[in-house]
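**Q** Here it is: the structure, laid out below.
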Protein chains: 2
Amino acid sequence: MSPSIKDVAERAGVSVGTVSNVLNHPERVAESTRATVLAAISALGFVRNSSAAQLRAGTSRSLGLIVLDLANPFFHEVARGVEQVADELGYAVVLCNSDDQTARENRYLQVLEEQRVRGVLITPVEVGSERLDALRRRGTPTVLVDRHDPRVNCCSVAVDDVVGGELAGAHLLSLGHARILHVTGPLSLRQCADRLAGLRRAVAAAGHDPDTAIEVIEERAMNARTAYDAARARFARDDEVGAVFCANDLMALGVLRAALSSGRRVPEDLAIVGYDDIEFAADAAVPLTSIRQPTQQIGRAAAQLLVEECDHPRTHAHQQVMFKPELVVRESTAG
Amino acid sequence: MSPSIKDVAERAGVSVGTVSNVLNHPERVAESTRATVLAAISALGFVRNSSAAQLRAGTSRSLGLIVLDLANPFFHEVARGVEQVADELGYAVVLCNSDDQTARENRYLQVLEEQRVRGVLITPVEVGSERLDALRRRGTPTVLVDRHDPRVNCCSVAVDDVVGGELAGAHLLSLGHARILHVTGPLSLRQCADRLAGLRRAVAAAGHDPDTAIEVIEERAMNARTAYDAARARFARDDEVGAVFCANDLMALGVLRAALSSGRRVPEDLAIVGYDDIEFAADAAVPLTSIRQPTQQIGRAAAQLLVEECDHPRTHAHQQVMFKPELVVRESTAG
DNA sequence: TGGAGATCGTGAAACGTTTCATTCCACGAG
DNA sequence: CTCGTGGAATGAAACGTTTCACGATCTCCA
């Protein structure tokens, strides 16, 4: 197989310990020997075997990151933030995609634990997973991303969706819309429920009755297609809708399409607010007002918390970090 | 630290060899002993140390996959295809994102080689990388994704972009458009050059002169924003544009927005064809005609070729697989 | 001249598995 | 009663590193 440190030592005429030192503590070995060893290394095409290194070392310099859906821009922004911090601190990141399936999540947790990663960042399919608790009990630090642990057994980083819903609602109210249509996904999802709660809070704060001022359309899937169909059906019924708040940008784009294709002008006839501020929101047929989440920061904060816990397990205290989202106004409400 | 196989053996009152057998060849150990050992394992919370296992085994069951940009739907579809095949064949996939930076690519190649992955799937930042050649020379099989190696030193899987451009061109020509505007990215990119070449071929085949029938706008970036700006500027000049073919869907969406906001109707006044058929193409304000690439299949084929080479290195012959793209007609040309 | 440091290099142990030749044991056939 | 057979468990070697206590050599100064 591939040459080992021993082959290098032999060829360079030194001991294996010296070769190892060249690799890990170059300052401990004399200039000339170092040169000889490096020459031997490149002559043989030696590449360190990290299994052996890690076995001996007993600990690794890597973190696991398990996300729900790599196709979702939210998560690769998070991943980017995690990678930045990991890089700065000399850690490697093992990226895993659970695809929202518990089985996949558990398999990856197993693999990561077998690899003895230093810690794990995860958006669990559901909080309170037994497998995850076990990992933590056995001593691998864990940070929840975009989720909170009610029992506060670990750190977590998330964004306040209630505030997000409130921002959207207050914005539409400030434009004079007293009635708001809310197109959302399953209200059993914490995100959707929170965003609606925020919207209700804004409406109540403006002195209206949420139950009558807000009309909710709840769909199974949160994509453009279902929102398009739902909006067309709603628009066919009557013309009373003047403002829509959607639980994510894809749905908002679906509503936008339905509006345009039914002859409505946006924002003159219909104001639309989305959520997430995906890259394409700004480039839609009518650029979309949306709620932006500090995604990279979430990743950065989560990685920092994790490394902090890895480095000072005794003194570490778990924290629940909560970021605030931000309103980005564009043409779809800029009437 | 975490309990080892030795601790388990002790607790179960057997030898370490037996514990290892329970883990790897359960059929070799008697029912009752197996039960005792499994009980000890779960009592201690034992998790196998994969570094040690792999060190001893000398070889791993994992493949590396290095992509240019995880934010690009093309690549995570490819990744999904790779994962499917890897799963079926019992391999694990290590996913890496080079972000189009040679430095990151090289770092990941190094890491993967140190981990002794069985093989590497990669879309290199540029073909002919020395680091990649070195990897291959040292015996790690390699497959290029969405690229070809002119020297045929390895397998590769790609899509025929010339055919794609030809399909788009032929489609517009068949609708009666004799003049076509082509909005594209840097023609130094193989993809862009090929798509244009295909367009020219279609135009020539229809009996027109490509040089006069095709107007090319070449932009630095291939996103909606730059295409929007370019299209607005072009539309301001005159009204002679009746058909546009864009080198990717994001650009097409930018052109679509420019058209709508300048009062043009799509497809009545302007027919638009994109490329890639990204998920959102079907849900745009006017659903977009596009060229679809068999992305998952690319991933599947690449993984199959790689595993084939890993399993039969002696008899393996390198192949260059080339898929054909497909035209998807939607409203943006359905005049 | 001798001795104290400093500077470099050595060699063996250890990390946690898997493998495989070996031993152990029970049982049935002769 | 012996022998052979085969299933089950054992124990030591090996994988490629890193570490660390220990030598060897050299330098410098009393």
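Values quoted throughout were computed directly from the atomic coordinates according to the rules given, and no laboratory measurement underlies them. Bear in mind the structure is a predicted one, so any value in this text is a computation, not a measurement. Note that each Cβ is placed from the backbone with ideal geometry, even for glycine, and that neighbours are counted across all protein chains shown.
**Q** Express the relative contact order of segment A:154-270 as a whole percentage, based on alpha carbon pairs under 8 Å and six or more residues apart in sequence. Don't skip to the answer; put the middle values down first.
**A** Numbers: 180 pairs, mean separation 33.9, N = 117.
Computed over segment A:154-270, the figure is 29 percent.
**Q** Next question, about the same structure. With r defined as the distance between the Cβ atoms of residue B:2 and residue B:187 and R0 fixed at 51 Å, what FRET efficiency is calculated, to the nearest 0.05?
**A** Computed FRET efficiency for residue B:2 and residue B:187: 0.35.
**Q** Still on this model: Where the label is 7 Å out from Cα toward Cβ, how close does residue B:89 come to the same position in every other copy, in nm, shortest first?
**A** For residue B:89, the other copies' label points sit at 3.7 nm, shortest first.
**Q** Output, in nm with one decimal and in ascending order, the distances from the residue B:240 label point to the matching label points of the other copies (7 Å from Cα along Cα-to-Cβ).
**A** Ordered by distance, the counterparts are at 5.4 nm.
**Q** Oh, and also: Would you work out the relative contact order for chain B, in percent, from Cα pairs under 8 angstrom that are 6 or more residues apart? Before the final figure, lay out the partial values.
**A** On the way: 613 pairs, mean separation 57.5, N = 335.
Result for chain B is 17 percent.
**Q** Would you kindly derive the ³J(HN,Hα) couplings of segment A:320-330 from the backbone phi angles with the Karplus curve 6.51 cos²θ - 1.76 cosθ + 1.60 (θ = phi - 60°), listing them in order in whole Hz, with x for Gly and Pro?
**A** 10, 8, 10, 8, 9, x, 9, 8, 10, 8, 9
**Q** So if I take the centroid of the Cα atoms in segment B:6-36 and the same for segment B:143-165, what is the distance between those two points in Å?
**A** If we compute the Cα centre of each part, the gap is 49 Å.
**Q** Shifting gears a bit: Rounded to the nearest 5, what is the percent of antiparallel bridges among the DSSP beta bridges in the protein assembly as shown? Each step should come with its number before you reach the end.
**A** Values: 7 of 73 bridges.
So the antiparallel bridges in the protein assembly as shown amount to around 10 percent.
**Q** If you don't mind, there's one more thing I want to ask. Can you work out the FRET efficiency for the pair residue B:153 and residue B:323, with r the C-beta to C-beta distance and R0 = 25 Å, to the nearest 0.05? Don't jump to the answer; show the numbers that get you there.
**A** Details: r = 21 Å, r/R0 = 0.83.
After rounding to 0.05, the efficiency reads 0.75.
**Q** Residue B:62's amide H: which non-local residues (gap 5+, or another chain) put their own amide H closer than 5 Å, with H modeled 1.01 Å from N in plane and none for Pro or chain starts?
**A** Correct list: B:92, B:118.
**Q** Related question: Between the label point of residue A:207 and that of the same position in each other copy, find the distances and list them shortest first in nm, with every label point placed 7 Å from Cα along the Cα-to-C-beta direction.
**A** Distances between equivalent label points, in nm: 7.4.
**Q** Could you pull the Cα extents of segment B:59-126 along its three principal axes, largest to smallest, in whole Å?
**A** So the extents along the principal axes, rounded to whole Å, are 30, 28, 15.
**Q** Sum up the charges of everything whose Cβ sits under 13 Å from the Cβ of residue B:78, counting Lys and Arg as +1 and Asp and Glu as -1, but leave residue B:78 out.
**A** -2
**Q** Sorted from largest down, give the three principal axis spans of the alpha carbons of segment A:177-238, whole angstrom values.
**A** Cα spread of segment A:177-238 along its principal axes, largest to smallest: 34, 30, 14 Å.
**Q** So which trypsin sites (Lys or Arg not before Pro) in segment A:127-187 are both in a DSSP loop and have at most 11 other Cβ atoms within 10 Å of their Cβ?
**A** When the trypsin sites (Lys or Arg not before Pro) of segment A:127-187 are filtered for loop state and at most 11 Cβ neighbours within 10 Å, A:151 remain.
**Q** Related question: Could you pull out the longest piece of chain B with no exposed loop GluC sites (Glu not before Pro) in it, calling a site exposed if DSSP puts it outside H, G, I, E, B and it has at most 16 other Cβ atoms within 10 Å? Intermediate values should be presented prior to the final figure.
**A** On the way: sites that count: B:126, B:240, B:268.
Counting at most 16 other Cβ atoms within 10 Å as exposed, the longest clean stretch of chain B is B:1-125.
**Q** OK, next. So what's segment A:5-56 giving for Cα Rg divided by 2.2 N^0.38 Å, two decimals? If you can, show how the numbers build up before the last one.
**A** Details: Rg = 10.4 Å, N = 52, 2.2 N^0.38 = 9.9 Å.
Against the compact-globule rule of thumb, the ratio is 1.05.
**Q** With both partners inside chain A, how many of the DSSP beta bridges are antiparallel, as a percent to the nearest 5?
**A** Bridges in chain A are about 10 percent antiparallel.
**Q** A further question follows. Which value, in debye to the nearest 20, describes the size of the charge dipole of chain A about its Cα centre when Lys and Arg Cβ atoms bear +1, Asp and Glu Cβ atoms bear -1, and nothing else is charged? Please report the intermediate quantities before stating the final value.
**A** Numbers: 36 positive and 44 negative charges, 227 e Å.
The calculation lands at about 1100 debye.
**Q** Would you mind ranking B:36, A:289, A:140 by Cβ crowding within 10 Å, fewest neighbours first?
**A** Taking fewest neighbouring Cβ atoms as first place, the list is B:36, A:140, A:289.
**Q** I would also like to ask the following. Please work out the C-alpha center-to-center distance from segment B:173-199 to segment B:263-328 and express it in whole Å.
**A** Cα centroid to Cα centroid, the span is 17 Å.
**Q** Return the ratio Rg/(2.2 N^0.38 Å) for segment A:185-282, where Rg is computed over Cα atoms only.
**A** 1.05
**Q** Helix-only estimate, please: 222 nm mean residue ellipticity of chain B, summing -39500 (n - 2.57) across DSSP H runs of length 4 or more and dividing by its residues, to the nearest 500. Don't jump to the answer; show the numbers that get you there.
**A** Numbers: 13 runs with 154 residues, N = 335.
Taking each H run of at least 4 residues, the total per residue is -14000 deg cm²/dmol.
**Q** Hey, could you grab the Kirkwood Rh for the protein assembly as shown? Inverse mean 1/r over distinct alpha carbon pairs, Å, one decimal.
**A** 27.9
**Q** Further question on the same structure: Please work out which residue of chain A brings its Cβ closest to the axis of the rotation superposing A onto B, and round that distance to whole Å.
**A** A:285, 2
**Q** So, one more: Please list 3J(HN,Hα) in residue order for segment A:178-193, calculated via the Karplus relation 6.51 cos²θ - 1.76 cosθ + 1.60 where θ = phi - 60°; whole Hz, with x for glycine and proline.
**A** Result, ordered by residue: 8, 10, 10, 8, 10, 9, 9, x, x, 6, 6, 6, 3, 4, 5, 4 Hz.
**Q** Over chain A, what portion of Cα pair distances is larger than 24 Å, expressed as a whole percent?
**A** 62
**Q** OK, next. Once amide H atoms are placed 1.01 Å from N in the peptide plane, what residues at a sequence separation of 5 or more from residue A:271, or on another chain, have their amide H within under 5 Å of its amide H?
**A** Answer set, sorted by chain and number: A:243, A:244.
**Q** Of B:148, B:15, B:304, whose Cα points farthest to the positive end of the dipole of the protein assembly as shown (charges on the beta-carbon: +1 Lys, Arg; -1 Asp, Glu; origin at the Cα centre)?
**A** Working it through, the farthest residue towards the positive pole turns out to be B:15.
**Q** I've got another one for you. For segment A:56-62, just list the computed ³J(HN,Hα) in residue order, Karplus coefficients 6.51, -1.76 and 1.60, θ = phi - 60°, integers in Hz, with x standing in for Gly and Pro.
**A** Going residue by residue, I get 5, 5, x, 9, 10, 10, 9 Hz, with x marking Gly and Pro.
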